[in-house]
Amino acid sequence: MPAAYSVPLASGASYTAQSDFLQVVQIQNGVVIEVVAFHIAVISEVQQAQEEWLRIGIFRGATTVSAGGIPERPVDEFTTANHINTFYGPDTIATGGTEVLLWADAMNVRQRYERRFPKGEGPRSAANAAAGGIIAIRMLSTPADAIQFEGTAYVLATRE
Amino acid sequence: MARAYTIEFEAQSVTNANGDYDLFSIQPASNKPIEIVGLVLATTSELAEAQEEWLRIGVVRGHTSLTGGTSKTPRPADEFDAASGATCAALHSTIASSGTAVQLYSDAFQVRNGYQFWWPDGFGPRCSSAATSIVVRLIAAVTDDVTMSGTCSFREI
């Protein structure tokens, strides 16, 4: 049975350059991970003077994560959290390997952004980190000024 | 089959002085775990650019005792469904702090837009009586007092 996780994305950090909101990778052979949905609100930006667009991309293929771990929370309190590891990177991105861009979009910082994939259409990976299995949700833009945000990602882990 | 219920508050004052709030709390009955499936919030007092602000919200599971708040009777979406066994309340001006709580969900909304979110199917924050309670929390104080309405939709599974 698949394990559903919610991953509260790290808030409080200040982002000033291209960054990964989330990096997720499976930690057990035979587990396929899929990003089902995520949402981001840039809480530091209010009023017209702060308005800007941030480009967002979802990548797969890096082999090395950023340093900051963030907790993944099984939505069912009785599920043991042992399928995935999750990380974030203020002003850093996942590296190594050969990344491919799976999804490109942009958000206006004055609007909350939500992306929900139809069933089975979310970015997926069946590989571990060494094999380039890291999925990264990335802010591609350098923001005009430092930003802070709140958000959550939803990840499904399924045993093949 | 899971039964759907809502709890709500309408045109209530959320004040700067009270700081953060537990907007909704649900304590599931024994053998009747719940799953939060949707959340709607609106700040009807905030108009024009000068009032613009982001309000941070979260869902936290695991507090072992709650204080204050206004008791709310869960209303079944289907009028023929049985009453929920959960104990619910809204607008705790003092947030819960007991127990080993985990934050399952983080978000924010612009007061000029309002907020509506339905969790992806199967991803709604869940809670059983073993974890005691689950709350929807306004994480930080509002900049100035607001008038807020809201609805939390949950299933008893």
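The values are calculated or read from the model by the stated rules, or taken from the named source; none is laboratory data. No experiment lies behind these values; they were computed from the predicted model shown. When we count neighbours, we look across all protein chains shown, and the Cβ atoms used for this are built from the backbone with ideal geometry, even at glycine.
Might you let me know whether region A:15-31 holds any residue that is within 12 Å of another protein chain (Cβ to nearest Cβ) and of a type in the set (D, E, K, R)?
no
Given the criteria touching a Pro at 6+ places or on another chain (Cβ under 6 Å), closer than 21 Å to residue A:112 by Cβ and assigned to a strand (DSSP E or B), does residue A:7 qualify?
Working: touching a Pro at 6+ places or on another chain (Cβ under 6 Å): no; closer than 21 Å to residue A:112 by Cβ: yes; assigned to a strand (DSSP E or B): yes.
So residue A:7 fails the test.
Does region B:15-35 hold any residues that are more than 9 Å from the chain's Cα centre (by Cα), of a type in the set (A, V, I, L, M) and within 12 Å of residue B:86 (Cα to Cα), and which are they? Steps first, answer last, please.
Our first condition is that a residue be more than 9 Å from the chain's Cα centre (by Cα); within region B:15-35, this holds for B:15-21, B:27-35.
Filter once more, so that each one left must be of a type in the set (A, V, I, L, M): B:17, B:29, B:34.
Once the filter is applied, which keeps residues that are more than 9 Å from the chain's Cα centre (by Cα), of a type in the set (A, V, I, L, M) and within 12 Å of residue B:86 (Cα to Cα), region B:15-35 yields B:29, B:34.
If you check B:68, B:62, B:58, which single one turns out to be over 27 Å from residue A:152 (Cα atoms), in contact with a Ser or Thr (Cβ under 6 Å, 6 or more places away or on another chain) and not basic (Lys, Arg)? Even if it seems obvious, please write down each step before you answer.
Numbers: B:62 fails: over 27 Å from residue A:152 (Cα atoms); B:58 fails: over 27 Å from residue A:152 (Cα atoms).
Only one candidate passes the filter, namely B:68.
Residues checked against (1) part of a loop (DSSP other than H, G, I, E, B); (2) more than 14 Å from the chain's Cα centre (by Cα); (3) within 9 Å of another protein chain (Cβ to nearest Cβ):
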residue	(1), (2), (3)
A:54	no, yes, no
A:57	no, no, no
A:104	no, no, no
A:111	yes, yes, yes
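At pLDDT 90 or above, within 21 Å of residue A:111 (Cβ to Cβ) and either more than 13 Å from the chain's Cα centre (by Cα) or crowded, with 21+ Cβ neighbours inside 10 Å (or both), is that true of residue A:40?
Details: at pLDDT 90 or above: yes; within 21 Å of residue A:111 (Cβ to Cβ): yes; either more than 13 Å from the chain's Cα centre (by Cα) or crowded, with 21+ Cβ neighbours inside 10 Å (or both): yes.
It is true that residue A:40 is at pLDDT 90 or above, within 21 Å of residue A:111 (Cβ to Cβ) and either more than 13 Å from the chain's Cα centre (by Cα) or crowded, with 21+ Cβ neighbours inside 10 Å (or both).
Considering only residues that are surrounded by fewer than 18 Cβ atoms within 10 Å (Cβ to Cβ) and among the hydrophobic types (A, V, I, L, M, F, W, C), look in region A:111-156 and name the one that is nearest to residue B:59 (Cα to Cα).
A:146
Here are B:26, B:95: which of them is closer than 27 Å to residue A:74 by Cα, surrounded by 15 or more Cβ atoms within 10 Å (Cβ to Cβ) and in contact with an Asp or Glu (Cβ under 8 Å, 6 or more places away or on another chain)?
Values: B:26 fails: in contact with an Asp or Glu (Cβ under 8 Å, 6 or more places away or on another chain).
Just one listed residue meets the conditions, B:95.
Between A:77, A:34, A:45, which is closer than 30 Å to residue B:33 by Cβ, of a type in the set (D, E, K, R) and outside any strand (DSSP E or B)? Walk me through it before giving the result.
On the way: A:34 fails: outside any strand (DSSP E or B); A:45 fails: closer than 30 Å to residue B:33 by Cβ.
Of the residues listed, the single one that is closer than 30 Å to residue B:33 by Cβ, of a type in the set (D, E, K, R) and outside any strand (DSSP E or B) is A:77.
Residue by residue through region B:98-140, note down the ones that are small (Gly, Ala, Ser), more than 7 Å from chain A (Cβ to nearest Cβ) and under 20 Å from residue B:55 (Cα atoms).
B:114, B:140
Here's the yes/no breakdown for (1) within 30 Å of residue A:117 (Cα to Cα); (2) of a type in the set (A, V, I, L, M):
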position: B:75; (1), (2): no, no
position: B:86; (1), (2): no, yes
position: B:104; (1), (2): yes, yes
position: B:157; (1), (2): yes, yes
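Each row is one residue, and each column tells you yes or no for (1) under 14 Å from residue A:22 (Cβ atoms); (2) away from chain B (no Cβ under 14 Å); (3) of a type in the set (Val, Ile, Thr).
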position	(1), (2), (3)
A:49	no, no, no
A:73	yes, no, no
A:92	yes, yes, yes
A:97	no, yes, no
A:107	no, no, no
A:125	yes, yes, no
A:148	no, no, no
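Does region B:101-109 contain any residue that is touching a Lys or Arg at 6+ places or on another chain (Cβ under 6 Å), closer than 25 Å to residue A:79 by Cβ and among the charged types (D, E, K, R)?
No, region B:101-109 contains no residue that is touching a Lys or Arg at 6+ places or on another chain (Cβ under 6 Å), closer than 25 Å to residue A:79 by Cβ and among the charged types (D, E, K, R).
Taking region A:10-31, which residues are part of a strand (DSSP E or B) and under 16 Å from the mean Cα position of the chain (by Cα)? Before the answer, list the steps.
Residues of region A:10-31 that are part of a strand (DSSP E or B), as a first pass: A:15, A:19-26, A:31.
The answer is A:15, A:19, A:20, A:21, A:22, A:23, A:24, A:25, A:26.
Got a number for residues in region B:71-94 being touching a strand residue (DSSP E or B) at 6+ places or on another chain (Cβ under 9 Å) and more than 29 Å from residue B:20 (Cα to Cα)?
Of region B:71-94, the ones touching a strand residue (DSSP E or B) at 6+ places or on another chain (Cβ under 9 Å) are B:71-78, B:81-94.
Filter again for more than 29 Å from residue B:20 (Cα to Cα), leaving B:77-78, B:81-83.
The total comes to 5.
Are any residues in region B:66-87 in contact (Cβ under 8 Å) with a residue 40 or more places away in the chain, exposed (fewer than 14 other Cβ atoms within 10 Å of the Cβ) and of a type in the set (Gly, Ala, Ser), and if so, which ones?
Within region B:66-87, B:77, B:82 qualify.
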